[in-house]
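The values are calculated or read from the model by the stated rules, or taken from the named source; none is laboratory data. Treat the numbers as computed from the prediction; the structure is a model and nothing was measured. So basically every Cβ, Gly included, is an ideal-geometry build from the backbone, and we count neighbours across all protein chains shown.
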Amino acid sequence: MRTFSWVVEMRGHIIDSLTFPKVLDEILGYGAEYETEEIVIGKTRRDPSYARVRVTASSEETLDKVMSQIGRLGAEAVEERDALLVPAPGDGFFPEGFYATTNYPTRIRNGGRFLDVEDLCMDSGICVSGTENRACCVKMSRVKAGDLIVVGHHGVNVTPPRRDPIRHGLFEFMSSTVSPEKSKERIIREIAAEMRSVKSEKKGKILWVVGPALVHTGARDSFRRIIDAGYVDVVFSGNGMAAHDIEASLFGTSLGVSMAEGKIVPQGHAHHLRAINFIRSQGGIARAVESGRLKDGIMHALVRAGIPFVLAGSIRDDGPLPEVVSDTVEAQRRMRELCKGVSVAVMVASMLHAIATGNLLPATVRTVCVDMNTEMVTKLADRGTHQSLGLVTDAELFLRELAGMLSG
Amino acid sequence: MCPPDYFGIEYEINPWMSRSRPADPVAARLQWESLFDLLRGKLGLSISLLVPEKGAPDLVFTANAGLVRGGIFIPSNFRHPERRGESPIFRRWFEREGYEIRDLPQDLSFEGEGDVLAVGDDLFAGYHIRSDIRTHARIGELLDARVLSVELADPRFYHLDTCFCPLAHDSAVYYPPAFDPYAARVIRAHVPRTVEISAVEALRFACNAVVVERNVVLNTGCGNLKSILLGMGYTVWETDLSEFIKAGGAAKCLMLFLTP
């Protein structure tokens, strides 16, 4: 059936004045349909809001009636245009005025048709392939001279992710930080259920971002059980976590503290250096696992199961371990690549890598942030993703409980 | 304010006006002067006067000159051509007085303080009959304020100041049937204390009152509202404005706040 549609914009205190719901009511009252393409709600009382709505009717006459009615309510028709594409003047930078992405699902209008922007990532530009008529996010450093980049706002539609109205799972009722008063056991149980559902319904990959505290607190074994149970598809971490994991395998200590007894061991402060040194002498973690010299632990489990990981380097690194990617731009590129297809991200006791990962993920990924520090959890849980859950608790407790539920 | 030297019913642009019910110039002058004396003498306002001009009978209704905030004047764009001749007169006055003039787009009608009234930090703005809702976002930006748009639903109450009157930073008097259901909800949601008036008193322009701190000046014959206001601790001054009601205006319409 042929439909007729037009796009309108409204600006001002359209929420507090109820003029926005009024416009939507008017549209429905005429038997027409609406689709909210973008809505930006003012943060403070004084800030105005903005909404862009597509109105669709089954007849031109109805559409005209609706448009004139809502026009007097402040809904102004916008002229639809294709996105403006400008060739990048050189390698490694965007043309001036480039459109900067959010992590919300985005479409651009090209040749009169809307294209979904692929590889969604915030703080990127949008590149359109001339030959294939496809659009995807591209990071500044990866731009090549001549790449067609979207400039300005025209022809770009952004939609906040819709909540699935059918499911009544954990993410539907919770947002932002979970207060310590809520039952952690129940929440972890629901996280486990979510992960089981993702796996059984083949709804994407589970990404884990982990920090060295996993090793210090004695959570290695629990994480390994989760890996063995098949609930880890990608791991992002750094030199620290891997080094202390290997230190624990080789010396039974982490940062020189005995895992079994919790006491500092003589000369223990150098154990992590010795561990790194040993792996370097073997030509890498994978080689050490193959030769049987590295027998257990998290890195061992990842290599054995063929689970991809990125250990992103930093200026604080000792060594580093050979697998660590010290070129941060390259590390970011590999992380972005591995983010494809991720539908759940779990971030445990890791500040820097968690923030970096948050910047790479689209808003549609459900994230779980676990840390002892409330501010850390709030900061991560409130970043740009709509479907995130924060849990203030000890990494070891969380992983032990979760491992029990997933592998038991 | 503007003296009523040339006030009269010369055209019909609202349901109150009828050329078969002309204004009595002598009575109009007495009523206007009585209001002027109350505002200056009893309410202590210092009043600047515009020089009246022949051919601009509604110039007396200075509330529609535009909106004044700080040193900024946002001029009106009159919906009806009959009043458009007033615009240059008002503009000249504000230019001479050194106000910064900020125009709204010419194709959007806006009738000034008659349609925009402040309750606390919020601006309530009427639309549909005389002012265009599309001016509200711009006014909000210009004045850095939240503008709550309210639709006027009864042609007899064609300006916001005929059916809505702020009292203090958290209270207002209003006539609910003059608004559409959404607007009535918005008013109830954002004005902590509201006083509703009856149809009888609404038709006597009870809402078209001048409020200065604890003083209220309004048309005669609004006994119920007067009692309520007295009960709230206000001092109420009544003055007959029947000649001006023939043109669809009363106390508030006849003055424009320069320092609200």
Taking into account only those residues within region B:140-175 that are among the β-branched types (Val, Ile, Thr) and either surrounded by fewer than 22 Cβ atoms within 10 Å (Cβ to Cβ) or free of Cβ contacts under 8 Å to residues at least 40 places away in the same chain (or both), which is farthest from the other protein chains (Cβ to nearest Cβ)?
-> B:150
Residues in region B:176-187 that are touching a strand residue (DSSP E or B) at 6+ places or on another chain (Cβ under 9 Å) and away from every other protein chain (no Cβ under 14 Å) total 2
Can you confirm whether region A:22-44 contains a residue that is of a type in the set (Phe, Trp, Tyr), within 14 Å of another protein chain (Cβ to nearest Cβ) and either within 30 Å of residue A:133 (Cβ to Cβ) or not in a loop (DSSP other than H, G, I, E, B) (or both)?
-> no
Residue A:245 vs (1) surrounded by 20 or more Cβ atoms within 10 Å (Cβ to Cβ); (2) modelled with pLDDT under 95: all pass except (2)
Residue count, region B:241-259 (criterion: buried (at least 21 other Cβ atoms within 10 Å of the Cβ) and assigned to a helix (DSSP H, G or I)) = 5
Among (1) crowded, with 19+ Cβ neighbours inside 10 Å; (2) more than 9 Å from every other protein chain (Cβ to nearest Cβ); (3) within 25 Å of residue B:179 (Cα to Cα); (4) among the β-branched types (Val, Ile, Thr), which single condition is residue A:14 missing?
-> (2)
On the given criteria, is residue A:53 crowded, with 19+ Cβ neighbours inside 10 Å and within 14 Å of chain B (Cβ to nearest Cβ)?
-> no
Residue match in region B:117-138 (condition: polar (S, T, N, Q), buried (at least 22 other Cβ atoms within 10 Å of the Cβ) and within 14 Å of chain A (Cβ to nearest Cβ)) | yes
From B:78, B:73, B:110, B:90, residue being touching a residue at least 12 places away in the same chain (Cβ under 8 Å) and within 24 Å of residue B:35 (Cα to Cα) = B:90
Using the structure shown, decide if residue B:26 is surrounded by fewer than 16 Cβ atoms within 10 Å (Cβ to Cβ) and of a type in the set (Val, Ile, Thr).
-> yes
Residue that is surrounded by the most Cβ atoms within 10 Å (Cβ to Cβ) [pool: residues in region A:1-11 that are of a type in the set (Val, Ile, Thr) and more than 14 Å from chain B (Cβ to nearest Cβ)] | A:7
Under the condition of being part of a helix (DSSP H, G or I) and in contact with a strand residue (DSSP E or B) (Cβ under 9 Å, 6 or more places away or on another chain), which residue from region A:1-21 is nearest to residue A:81 (Cα to Cα)?
-> A:20
Within region A:66-119, how many residues turn out to be within 14 Å of chain B (Cβ to nearest Cβ), crowded, with 16+ Cβ neighbours inside 10 Å and assigned to a loop (DSSP other than H, G, I, E, B)?
-> 3
Can you work out which of the residues in region A:275-311 that are assigned to a helix (DSSP H, G or I) and polar (S, T, N, Q) is nearest to residue A:238 (Cα to Cα)?
-> A:277
Would you be able to tell me the number of residues in region B:107-116 that are aliphatic (A, V, I, L, M) and either surrounded by fewer than 19 Cβ atoms within 10 Å (Cβ to Cβ) or at the interface with chain A (Cβ under 7 Å from one of its Cβ atoms) (or both)?
-> 1
Can you confirm whether region B:80-88 contains a residue that is under 24 Å from residue A:49 (Cα atoms) and either out of contact with any Leu (no Cβ under 7 Å at 6 or more places or on another chain) or not acidic (Asp, Glu) (or both)?
-> no
Of all residues in region A:55-84, count the ones that are of a type in the set (Lys, Arg) and free of Cβ contacts under 8 Å to residues at least 24 places away in the same chain.
-> 1
Does residue B:47 count as crowded, with 21+ Cβ neighbours inside 10 Å and outside any helix (DSSP H, G or I)?
-> no
Kindly indicate the residue of region A:182-221 that is assigned to a helix (DSSP H, G or I) and of a type in the set (Lys, Arg) and also surrounded by the fewest Cβ atoms within 10 Å (Cβ to Cβ) among those meeting that condition.
-> A:186
Pairs only if they're at least six apart or on different chains, beta carbon under 6 angstrom, first in region A:201-230 and among the charged types (D, E, K, R), second surrounded by fewer than 23 Cβ atoms within 10 Å (Cβ to Cβ) and in a loop (DSSP other than H, G, I, E, B); list them, first residue then second.
-> A:205/A:233; A:205/A:341
Does residue B:190 meet the test of being at positive phi and either within 14 Å of chain A (Cβ to nearest Cβ) or crowded, with 21+ Cβ neighbours inside 10 Å (or both)?
-> no
